[in-house]
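Bear in mind these aren't lab numbers, they're just calculated from the coordinates by the rules spelled out. If you're wondering where the values come from, they're calculated on a predicted model, not measured in any experiment. Ideal geometry is used to build each Cβ from the backbone, glycine not excepted, and the neighbour counts take in all protein chains shown.
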Amino acid sequence: GWDYSTSNAPTAASNSGQPFRFSDNTQVPVVDVVPPPEKKNLLPDGLVAIGNMLVIINYLIAATLAALTFINRKHKVVRASQPLFLYMVLFGCCISTTTIFFF
């Protein structure tokens, strides 16, 4: 095994009664660093309003297309396109558009 009796590492017994010394060999701690103010680069209010308006327009278009799919669900073209799949695509469009609200 290793012989730790000649180690220069500080131990609790060797520092008893002596004050702690920092890396600059002083007993005074370093002053805390104050972080600079953060620039958030937020979007202007007008651009946010336009984005929200486009999200609402997308919701209205999705609702209209869902209603048209439901009304024409017996038509051979809509049946061939599988209405459940069309509803899932519309739902996915609404979910992906919702992320604009949280940007």
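Between ALA49 and THR99, what is the label-point separation in nm under the 7 Å Cα-to-beta-carbon projection?
For the pair THR99/ALA49, the computed spacing is 2.7 nm.
Using unit Cβ charges (K, R positive; D, E negative) and no other charged atoms, how large, in debye to the nearest 20, is the dipole of the range 33-103 about its Cα centre?
Around 480 debye, computed over the range 33-103.
Pulled fully out, how much extra length does the chain show between THR26 and LEU65, if you take 0.36 nm times their separation in residues and subtract their Cα-Cα distance?
Result for the pair: 6.7 nm of gain on full extension.
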